[in-house]
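Report on one structure; see the data block that follows.
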Amino acid sequence: MALRPAVHSAATLRFYGHSRSLHPPPSRRPARDDFAQIMDELDFVKAQLARLPTRRDQAFVPLKVMFGSAVIGAALVILWLEAFWRHYL
């Protein structure tokens, strides 16, 4: 697609002084700044991925729950026996 020259009115030319200033060119950051931003975002994603639990961590969760439940259950039984030993036995 061929670029056509912009057609501007006389009022536009008086306001801006020339015909190329209707939309000033965007300021483009250097490529190294873009690369640095991408690398920062990549480091952030790596840090987030490192925080995810591994398969090994997830495998031990049910064992920890079972062990904790057994300890709490045994502690409740012992406390109940100590509290009501003289009254019921």
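The values are calculated or read from the model by the stated rules, or taken from the named source; none is laboratory data. Treat the numbers as computed from the prediction; the structure is a model and nothing was measured. Cβ coordinates were reconstructed from backbone atoms using ideal geometry, including for glycine residues, and neighbour counts include every protein chain displayed.
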Only one of LEU79, LEU3, LEU13 is out of contact with any strand residue (DSSP E or B) (no Cβ under 9 Å at 6 or more places or on another chain) and at pLDDT 75 or above, namely LEU79
Given the condition modelled with pLDDT under 90 and over 40 Å from the mean Cα position of the chain (by Cα), answer yes or no: does some residue in the range 38-54 qualify?
no
